[in-house]
Structure formats: C-alpha cells, structure tokens
1. Only one of (1) within 7 Å of another protein chain (Cβ to nearest Cβ); (2) surrounded by 13 or more Cβ atoms within 10 Å (Cβ to Cβ); (3) at pLDDT below 85 fails for A:Pro195. Which number is that?
2. Might you let me know whether the range A:217-236 holds any residue that is among the hydrophobic types (A, V, I, L, M, F, W, C), facing another protein chain (nearest Cβ under 7 Å), more than 20 Å from B:Gly67 (Cα to Cα) and in a helix (DSSP H, G or I)?
3. Can you work out which of the residues in the range A:93-122 that are among the hydroxyl-bearing types (Ser, Thr, Tyr) and surrounded by 22 or more Cβ atoms within 10 Å (Cβ to Cβ) is farthest from B:Ser169 (Cα to Cα)?
4. Suppose we filter the range B:22-58 for residues that are closer than 17 Å to B:Gln95 by Cα and more than 7 Å from every other protein chain (Cβ to nearest Cβ); how many remain?
5. Can you tell me which of B:Ile74, B:Ile56, B:Ile40, B:Ile50 is closer than 26 Å to A:Val175 by Cα and more than 22 Å from the chain's Cα centre (by Cα)?
6. Just to check your reading of the model, which residue among B:Ala25, B:Ala76, B:Ala84, B:Ala14 is over 30 Å from A:Gly187 (Cα atoms) and in contact with a Cys (Cβ under 9 Å, 6 or more places away or on another chain)?
7. Pull up the range A:137-182, narrow it to residues that are part of a loop (DSSP other than H, G, I, E, B) and surrounded by fewer than 19 Cβ atoms within 10 Å (Cβ to Cβ), then point me to the one that is nearest to the other protein chains (Cβ to nearest Cβ).
8. With respect to the numbered conditions (1) over 30 Å from A:Glu209 (Cα atoms); (2) touching a helix residue (DSSP H, G or I) at 6+ places or on another chain (Cβ under 7 Å); (3) within 7 Å of chain B (Cβ to nearest Cβ), which one is the sole condition not fulfilled by A:Arg185?
Amino acid sequence: MFDTEFFNLGYLDRLSYQDTFIHRIDPRIKLLSSLIFIAAVVSFPKYEVTGLLPFFLFPVIFLTLGDIPLMFILKKVLIVSPFALFIGIFNPLLDNRPAHDLLGFTVSLGWLSFASIMLKFALTISTALLLIATTSFPGICFAMQKLRIPKAFVGQLLFLYRYIFVLAEEAMKIVRARDMRSFGRRGKGIKHFVPLIGVLFMRTVDRAERVYHAMLARSFRGKLYSTKAYALTMADMLFIFVSICLILLFRVINLTALIGSWTTG
Amino acid sequence: MHMADALLSPAVGATFWAGALGTIAYCSKKLKESMDEKMIPLMGVLGAFIFAAQMINFTIPATGSSGHLGGGMILAVILGPYAAFIVMASVLTVQSLFFADGGLLALGCNIWNLGVYPCFIAYPLIYKPLVRAGSSPKRITIAALISGIVSLQLGAFSVVIETMFSGRSELPFSTFLLLMQPIHLGIGIVEGFVTAGVINFIRSARPEILESTASARPLAADIPLRKVLIGLLIVAVLTGGTLSWFASANPDGLEWSIEKTFGKPELPEQEHGIMPALKKIQENTAFLPDYGFRKPEAKGEGPETEKKEEAWPKVEAGTSLSGVVGSLIVIGMVLLIGFSIRAMRKRPNPQ
C-alpha cells in the first residue's frame, strides 16, 4: 500500500510531463478554469442530481485529450478520502420524505441529496487530480505566483515538492526495515514509531544543512527564481472562454431535464 | 479529518479560503521581515519530512487500527508558528493536488482546520507558556498532550461548523458534534503523545538541533500574542458576519452573487433568441425549476423557510421519468464524446 502511494505520486508527476493539447494550455488558465468549475459544481443546491450530469463532459475531455489513463483516475477517486461518503450516507437515513416515484420505487429526498454529494465528490476530486495530471506541479506554482499568492509560500511549495521524492524514498526504506523486524502488529506501535520518526527528523535536518550549503555554493542570496516562462496564446484565451461559457450554460440551464422532457414528450 | 469539496457550499469554501490566504500572507510578511535565509531550505525539507512521516503508519493502542502523524504541533514547536503554518499549508496543498485529499475548494478549510489551530492557538497559548528551555520531558509531554487535544478538538469543531453552514448534510448539529469530537479526542491524544515523544527524543539525542532551529527562526522569544489574537478575532467576526447570510438558509452562493451583480436572484433574461425559448421549455417541463424543486403555489413569494420543505409537493411519476431518461441520455452523450475523442486521437499516430 505504501509503495503504491509513492508510485502514484511519481506516476502523476510523469503524466504531467506529456505533451498534448491539454498539457500545452497555460497553467494559469487551467488552474482558473478548474476553480471556476469546482465553484459551479459545488454551488448546486442540496437536492440537485440531474443538473450535475452534463458537467462530466469536462473530466471526460481532460481524460481523453490529455491522454490520462481512465482507470488510474477512477481508482484514485474511489479510494480517496471516505469522508464525503461517511457524512453523506446519513442523508438517506435521516431524510426519507418521498421525492420521486421511479418504476414503483419511491426515491426519498435523502437519497437525492446523497447522490448529489457523491456526484459532486466525483466531479471535484477528479478535477483536482486531472489538473495535476495535465499541469506539472512547478507549472501550478507558477500560476499561483501570477495569481498573487505570496512568494514565500510558492517557494516553499517548490522546495517541498523537490524533496518529497527523496524523503518518501527514505521513509519507504524505514518502513521496509520495520516490516522485516516486526511480527504482525508487534513492533508497530507508538513506542517504536517515535524513535523512527525522530531519526528521520534528524536526518532531514542534516539534509537541510547540506542543501543550504549547496545552495550557498551556487550563490543563493535568499531568493528563489523560476526559469520557465509562459505566455498566454490565442488557444489559451479560447479555452477559458469556451469553458466559462459551457460552465455557465450547464449551471443555469438543466440540460438533463430539458433533454428528458423533450424525449419523453 | 479532511473536509471535502462535496460537502461545502461555495460561500463557506470561499470564506475559509479567504481566511487561509490571509493567514498565509500575514505569515509570509512576518517571515520576510525577520528570517534567517537558512530557514528556506529547512522549511522545504521539513515539509517533505511531514509528508514522509505521514506515510509511516503505526498501530493505535487499544483499538488496533492504524494512524499517522498530523504534524502541525511538531512543526510549530520546531519552527515557530509563522514558518510552521506556511509549511503545513504547503503540505496540505500538495496533498489536495496529488492525493485529492478533500479537494481544491476544501483546501482553504483544511489549511484553516489543521494549520491555524496548532500554530496560532495551541502553540502560543498552551505549549509556549508551559514549556521553558529547561523543562522536564514530563512537562513537555503534558504540554504537547493538551495542545494536541485542543487543536484537534478545534479542528473537528470547525469541520462540523463548515458542514453545517454549507447545508449539504442532513446530520443534525448535535449528532454530528457527538460523532466528531470524541473521535478527535482520541486522535488528539495520540497526536499529543507522538509529538511529545518526537520532541523528547530529539532533545535527548541531538539537543543542538532544537537550539539551532530556535535561533534561526523568527521571533523565537516573543510572539506578539495580542496581535495574533486581534487578527484572529477580526477574521472570526468577518467569517461569522459573512457566514450568517448563508446561515439564513436561502440564497446559495452563486444566486447570491448573481443577485448582487444584477440586483435580482436570476440572471437577466435575454429578450429574444434562443434563451427565452429554452427558458420557457424549461419552466414548463423541468422538475427542478429555480434549481430547486417546484414550490407549492400558495407560498409563491414569501421568504423561503423551513415550511417550504415541509409542505412537500406530491410525487410526480411523469417528471421523474423524464429526469431519468434525460440523465441516461446525457451520460450516454458524455461517454460518446469521450470515446470518439479517444478513437480520433488513436488514428493519426500509428506506431
């Protein structure tokens, strides 16, 4: 499980360095449109189910145009934080006022709001994952800096990201070593966890020291610079224009209900 | 526990985003004023450390389940509140992107819940007054334990508040509170013990690390507690003020902002073209007009209240059917678009 988590981190990172239409769009544009998308999805009221469905067009387009493996994203969405499910599942239990009658079954309001939560969950989580899978992390940091997020924080993110892989590998070694020396649950308690973390911490601080010296040797004066420059192109403008229009359209008009009423007369 | 996008309303999400961003800006300013440049690599690498440490699970005594470190308190003790908050926020940002923990809108809430409380409540108000340079390990343990419990209780309480104000969950306030607080009491105790253990371990093994980080960090000696408290109070009042509109049940975020822009809760309707026609069709047929359910005619305009939901309209089989059919068609269309894009992309590059 641990190994796969680490693998996922690296895999997402690798996906983000592909070269497709979606990957080439400016990170600022992708970040902004993702945020607008999420805000629109979340702004739907509690019982909305059908109105959310057209929004799946966006993740589908990102997946296909961005060449992202569907199963990978699906798996991540499914295993990720059960919190929404855990809280949402109370809705059908607590709210059983009837809402619709489907083929003899009565669907309660609680199930509607639960379905709404789960749809929103799928949409927002996949958007976050697809954003990172189609935009490299440094790209997102660049976008954040352009969006006036404080430099100290952006620099911290870049630094953190650079060292996650190094330290995750170290943590992986520690976990393997512990697994080999422990039996079942024995040896995996807090008593042995604390010194493990302590040692990892000390190694980390030593590493920071070495990194600092290396930075000084390369004429570090307290500022971090980024090299890659981005420029907004026509395609970027078109992309954000079209996405905002579609998001507004989907948000204001319930296409699903419309289509449903046309087809069923 | 990470808050999730799906449980949030945009208004609550945005409010906490504003709070989190404001705190980030404040901390960045503080760090800029008085930071040893040595702190930059130290903060970065310690962020990665928290990440790595969270990947190492341990079994929780008495329950048999496994838990992992939160890390906010350890960071606050080692780096001081400002740097610790920035590090914590960066860790949560990476988590929300790569592990989709919570989501992007909920990131503001998560930074607030897991960053502000350990760094600006528990550390300056509890840990710092209790622990001196020469304090005994026992004293450190007690201080860390109380801090861990308090910050996690506050964090859990915030999750409840955020969920309640968003109004997506049916859970009654008290039930939710009773669900969350005891769980997080346990988590807080564990977190407190781990924090204390790690700090004591470092203090006995390599005391100079703590000393050197303490000298490098800004404002190690005196945190302007009053300023922090006043700042928090202002944010709290602002948040409370903002939230209270939304607590008043009706206009959801988008409607509210549209109302503000156009002076009425709907987008201004176009006079001609396809919009009115579509609108008319929708009004006649949609079973979810006004983004909600059809209101009982009698209560046409009065302010929406609880009563509206109670006077629930009769079940209409016909419109339900159209909803299902529409859903199937929309899903089918989305899938079709996906498949055709895939198919089209496969063709041009034979390899």
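The values are calculated or read from the model by the stated rules, or taken from the named source; none is laboratory data. For clarity, every value in this text was computed on a predicted model and none was experimentally measured. Cβ placement follows ideal geometry from the backbone for every residue including glycine, while neighbour counts extend to all protein chains displayed.
1. Unmet condition: (3).
2. No, that holds for no residue.
3. Only one residue tops the list, namely A:Ser116.
4. Going through the range B:22-58 one residue at a time, the tally reaches 3.
5. B:Ile56
6. On the way: B:Ala25 fails: in contact with a Cys (Cβ under 9 Å, 6 or more places away or on another chain); B:Ala76 fails: over 30 Å from A:Gly187 (Cα atoms); B:Ala14 fails: in contact with a Cys (Cβ under 9 Å, 6 or more places away or on another chain).
Exactly one of B:Ala25, B:Ala76, B:Ala84, B:Ala14 is over 30 Å from A:Gly187 (Cα atoms) and in contact with a Cys (Cβ under 9 Å, 6 or more places away or on another chain), namely B:Ala84.
7. So the first thing to find is which residues in the range A:137-182 are part of a loop (DSSP other than H, G, I, E, B), and the list is A:147-150, A:182.
Right, trim to surrounded by fewer than 19 Cβ atoms within 10 Å (Cβ to Cβ) and you get A:147-149, A:182.
Values: A:Leu147: 10, A:Arg148: 9, A:Ile149: 7, A:Ser182: 10 Å.
Among those residues, the one meeting the criterion is A:Ile149.
8. (2)
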